[in-house]
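A short write-up of the structure that comes next.
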Amino acid sequence: MRILITGVSGFVGSYVVDYALNLPDVEIFGQKRWRSPLDNIIENSQKINLIDCDLIDTTSTLDMIKEIKPDRIFHLAAQSYVPYSFTAPKITIDTNVVGTLNLLEAVRRADVDPLIHICSSSEVYGQVEENEVPIKETNMLRPQSPYAVSKVAEDMLAYQYFISYGIKTIRTRAFTHSGARRGSVFVDSWFAKQIAQIEKQIIKPIIHVGNL
């Protein structure tokens, strides 16, 4: 089985690599941009096939899919930092929406038939009313950031390509998840980093929390 992981060097992508390496009879391909840091996958970088490809580039994305002919795709490449989406809405939309569109279109044009996991977000639900909890997949979508809008579009594109072309997509709307490889721009990682630095006496015993 040939597995393609987009955003392979990211937080979630690197953990999917860890998981996939324990599966029998698999060949793993990881999409990354040429400037992506490899810290998260440095231990496994020789065990997978790394491919430099910007998903915003239509031609490169199609060439990648034609070359790999994947059986499974975990689409995890994204601009995932919500505050940054307000600063750079176009980059967020291009990365998340155009990148997803190019990937789905490449699968359609390459005449391959993989099962594709599209990673949306709980951000699509926005401000949930008290009578709407616990949240269900049928809840109304009320995106409140450019990031959330991009994830609604990504989610709907996956659905449309399934309905229109029979592309096999599985959409998930993940809530907050964390781990050792999550970037320090995220609050839990930022707190953990400061605590570790305090314990090592690198910084004063003060935890900066910012505007909560």
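Quick notes on this structure:
- ³J(HN,Hα) computed for each position of the range 100-108 - Karplus, 6.51 cos²θ - 1.76 cosθ + 1.60, integer Hz, glycine/proline x: 5, 4, 4, 5, 5, 5, 5, 4, 5
- Least to most buried among Ile5, Ile206 (fewest other Cβ within 10 Å first): Ile206, Ile5
- Taking Ser9, Ser164 and counting other C-beta atoms within 10 Å, the order from fewest to most: Ser164, Ser9
- Charge dipole (debye, nearest 20) of the range 2-180; +1 at Cβ of Lys and Arg, -1 at Cβ of Asp and Glu: 160
- For the chain, the tally of Lys pairs with Cα-Cα distances below 24 Å comes to 15, considering only residues 8 or more apart or on different chains.
- Entry for semi-axes √(5λ) of the Cα gyration tensor in Å (calculated from the structure that is shown) out of (1) 36, 19, 17; (2) 53, 17, 14; (3) 30, 24, 15: (3)
- Nearest-0.05 FRET efficiency for Val128 and Met1, computed from C-beta distance (R0 35 Å): 0.40
- Only helices enter this figure: runs of n ≥ 4 DSSP H residues, each worth -39500 (n - 2.57), summed and divided by the residues of the chain, yield -11000 deg cm²/dmol at 222 nm to the nearest 500.
- For the chain, modelled as a GNM whose springs connect Cα atoms under 10 angstrom apart, the maximal fluctuation among Asn139, Asn44, Asn131 occurs at Asn131.
Throughout, read-outs are computed from the coordinates displayed, never taken from laboratory work. Note that the structure is predicted; figures quoted are calculated from it, not measured. Neighbour counts run over all protein chains shown; Cβ positions are idealised from the backbone, glycine included.
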